[in-house]
Amino acid sequence: MNKKTIIGIVIVVAVAALVFAFWPRAKATVAGTPLNCATNTTCLPSLELTGNQDTSTPSLQVDTTFYSVGGVTTTYARSALATATTTVCALQSPNATTTLEGAPEITLLTSSTTASVVTIAEATNAFATTTSIGSAAVGANAQATITASSTATLGKNVISPQNWIVVGMQGGTGTFSPTGGCVAAFRSVL
């Protein structure tokens, strides 16, 4: 190699090193204080790798009620069932217009002391079953999983900000003492 080629290579390497040294990098902050993500684990999402209870297969557990990818946020809500009331579950949607991801669901491990009708509805408060999106008859002390309709109809499954998915039980003369839970997932584009 001649002397001019070697000088040219040295100049190119020096320029590349300077560009790399002063290139802007992403910065993480907590309450306005910059973090060094190379040494601080708070820059990382909270993920836990756990073993499955039934097998030794690892599974991913994310400890949050929502996730966002590319501006689309999915928020999950769940609740245990209440007793001694006709409104056994109420889940509030986020503060954004959302659509239901899948269909809301209630799982009854034990329904009630008498046969009843379980209704899943959308409402503007936690104590009404205004707009029914699914219902089913359940026998006394029965187990059941009831899923609301998720049929994609124009305007259906669009939930206004901070509205409620409500599960109500009606009928019979006994007490409403269900055990189990209810879940819903809301998707919003922000």
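The values are calculated or read from the model by the stated rules, or taken from the named source; none is laboratory data. None of these values were measured; they are calculated from a predicted model. All Cβ positions, glycine included, derive from the backbone under ideal geometry; neighbour counts span all protein chains shown.
Some observations on this one:
- Test result for ALA90, more than 12 Å from the chain's Cα centre (by Cα), in the same structural domain as ALA123 (by TED's automatic domain parsing) and surrounded by fewer than 19 Cβ atoms within 10 Å (Cβ to Cβ): no
- For region 75-116, the set of residues classified as among the acidic types (Asp, Glu) and either under 11 Å from VAL167 (Cα atoms) or at pLDDT 90 or above (or both) consists of GLU105 only.
- Among the residues listed as THR179, THR147, THR119, THR153, the single one being over 20 Å from THR75 (Cβ atoms), of a type in the set (Val, Ile, Thr) and modelled with pLDDT under 85: THR153
- Of all residues in region 156-173 being under 23 Å from the mean Cα position of the chain (by Cα) and modelled with pLDDT under 85, the one that is surrounded by the most Cβ atoms within 10 Å (Cβ to Cβ): ASN157
- Here ALA96, ALA136 are screened, and the one residue that is among the small types (Gly, Ala, Ser), part of a strand (DSSP E or B) and on the phi < 0 side of the Ramachandran plot is ALA136.
- For region 151-162, the criterion of being assigned by TED's automatic domain parsing to the domain that holds ALA184, of a type in the set (A, V, I, L, M, F, W, C) and closer than 14 Å to VAL183 by Cα is satisfied by no residue at all.
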